[in-house]
Amino acid sequence: MGYIKNLRKLVGSRPLIMAGANVLLFDEMNRLLLQLRKDNHCWGLTGGGLEPGETLEQVAIRELYEETGLRVRKLKLFDIFSGHDFYYQYPHGDEVYNVIASYICTDYEGTLKAEASEVLDLQFYDLNDLPTQISPPDLPIIRAFISQYRII
């Protein structure tokens, strides 16, 4: 996330509007892939910030591969999220208002492997048995998915 890191040198921890993307990835048993994040020790979706020149779809594909080792074959746009519910303060103090393009993926390849610097664990979860500690910016997205797409 070089772009945001460079901005932080100028503005410190003050709130930034951060555009990015994440992926709701489902296995063949319709279980959702979640990552245990190193920064806040909560479970969340794979994803990250937009770099200059990238499309939101490219962010989703890049971040999924970097964080999980999985390669997207096909993505479907789920929704765009923004607003007060997507304000987040990171444990180290940086503040953001996220604007997130959320994608659905059921067609992928590769071997699941957690990226060591950001991810503590990767697990697939049944939507009826999600962990209680969900990362705050991801929780409204997961809830929206469950309310709209009970079955994929």
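The values are calculated or read from the model by the stated rules, or taken from the named source; none is laboratory data. Computed from a prediction, not measured in an experiment: that's the story for all the values here. Every residue, glycine as well, gets a Cβ built from its backbone with ideal geometry; the counts of neighbours run over all protein chains shown.
For the condition touching a Ser or Thr at 6+ places or on another chain (Cβ under 9 Å), under 22 Å from H41 (Cα atoms) and not acidic (D, E), what is the one hit in L139, L122, L127? Before the answer, list the steps.
Numbers: L139 fails: touching a Ser or Thr at 6+ places or on another chain (Cβ under 9 Å); L127 fails: touching a Ser or Thr at 6+ places or on another chain (Cβ under 9 Å).
Result of the check over L139, L122, L127: L122.
With respect to the conditions (1) within 21 Å of L130 (Cα to Cα); (2) in contact (Cβ under 8 Å) with a residue 60 or more places away in the chain, D85 lacks only one, and its number is (2).
Is it the case that some residue within region 59-71 is at pLDDT 95 or above and touching a helix residue (DSSP H, G or I) at 6+ places or on another chain (Cβ under 7 Å)?
Going residue by residue through region 59-71, those that are at pLDDT 95 or above are 59-71.
Keeping just the survivors that are touching a helix residue (DSSP H, G or I) at 6+ places or on another chain (Cβ under 7 Å) gives 70-71.
Among the residues of region 59-71, at least one is at pLDDT 95 or above and touching a helix residue (DSSP H, G or I) at 6+ places or on another chain (Cβ under 7 Å), which makes the answer yes.
Of all residues in region 83-96, which are surrounded by fewer than 12 Cβ atoms within 10 Å (Cβ to Cβ) and more than 25 Å from S117 (Cβ to Cβ)? Within region 83-96, G83, H84 qualify. When the criteria are applied in full, L64 meets the requirement of being among the aliphatic types (A, V, I, L, M), buried (at least 18 other Cβ atoms within 10 Å of the Cβ), in contact with a Lys or Arg (Cβ under 9 Å, 6 or more places away or on another chain) and closer than 26 Å to Q148 by Cα.
Going by the conditions given, is I104 surrounded by 13 or more Cβ atoms within 10 Å (Cβ to Cβ), within 15 Å of A21 (Cα to Cα) and at pLDDT 95 or above? So I104 passes the test.
Report whether or not I80 is buried (at least 18 other Cβ atoms within 10 Å of the Cβ), at pLDDT 95 or above and within 18 Å of G20 (Cα to Cα). Here the answer is no, as I80 does not meet what is asked.
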